[in-house]
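For reference, the structure discussed in these notes is given below.
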Amino acid sequence: LNQQQRLKDYVGVICTHTKIADVVQEAIDNARFICGDYYMLMNTPEIELHCPKDLEFMYVPSHLHHMIFELLKNSLRAVVELYGDEADSYPPIKVVVAEGNEDITIKVSDEGGGIPRSAMEQVWTYMYTTAQTPMLDPEFDKSDFKAPLAGFGYGLPLSRLYARYFGGDLKLISLEGYGTDAYLHLSRLSDNEEPLA
């Protein structure tokens, strides 16, 4: 009945050997591309990845990519808007992956000016955005579509939902006037129950 070829190391959408460095690097490349295209930059802010190359665990690669991609888009936007799209250089965004016994934690750090403390709870609200909401033309040419960098207000809430669904979490620590650190905790334990209640 099902004629699809099974992918090696996959059970449905779950990869039993998700290579974190590969997934994060793909998210970095995609986010930098969209940022450069959106702001028409010749030099997009650099993103430094500090991750053991052989680190792997059981996870949904598409969810991991989405969460890192959303965090990186936010960091890139904050840095470019703080320093301006004419800047000669930007402070790098740092992505650090740490392996613990219970969790794998991914920290995304930027120097994009931070988030005011009064807005911290709002960032988890669906449809909340500090960007101008992009207008989507119903007559657009699918071959000429440019993905918006931000503006729909679902990136952070959906990323936190993905993380929590598999027993992890997403937290932000911000220093207004300096930058933001995002901590994405991914549970390594396979005995977590789905938080459906």
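No value in this document is a laboratory result; all are computed from the given coordinates. Small disclaimer: the values here were computed from a predicted structure and weren't measured. So basically every Cβ, Gly included, is an ideal-geometry build from the backbone, and we count neighbours across all protein chains shown.
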(message) I want the local charge near Ala98. Using Cβ-Cβ distances under 15 Å, sum +1 for each Lys or Arg and -1 for each Asp or Glu among the other residues.
(response) -3
(request) Calculate the dipole size of region 53-116 relative to its Cα centre from +1 charges on Lys and Arg beta carbons and -1 charges on Asp and Glu beta carbons; express the result in debye to the nearest 20. (result) 80
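Loop only per DSSP, at most 12 neighbouring Cβ atoms within 10 Å: give me the trypsin sites (Lys or Arg not before Pro) in region 22-119, ordered by residue number.
Lys53
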(request) Give, rounded to the nearest 20 debye, the magnitude of the charge dipole that region 1-64 has about its Cα centre when Lys and Arg contribute +1 at Cβ and Asp and Glu contribute -1 at Cβ. (result) 280
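Filter the GluC sites (Glu not before Pro) in region 21-113 down to the DSSP loop ones having no more than 16 other Cβ atoms within 10 Å, then list what survives.
Answer in residue order: Glu46, Glu86, Glu102.
At R0 = 45 Å, how high is the FRET efficiency between Glu46 and Asp9 if r is their beta carbon distance? Nearest 0.05 is fine.
Working from the Cβ atoms, E equals 0.90.
What does the charge count near Gly84 come to, summing +1 for each Lys or Arg and -1 for each Asp or Glu among other residues with Cβ under 15 Å from its Cβ?
Once positives and negatives cancel, what remains is -4.
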(request) Just check region 1-125 against the gyration tensor rule for me: Cα atoms, a ≥ b ≥ c as the square roots of the eigenvalues, rounded for a/c under 1.5, and otherwise prolate or oblate depending on whether a/b exceeds b/c. (result) prolate
(message) What whole-number distance in Å separates the alpha-carbon centres of region 73-98 and region 1-62?
(response) 20
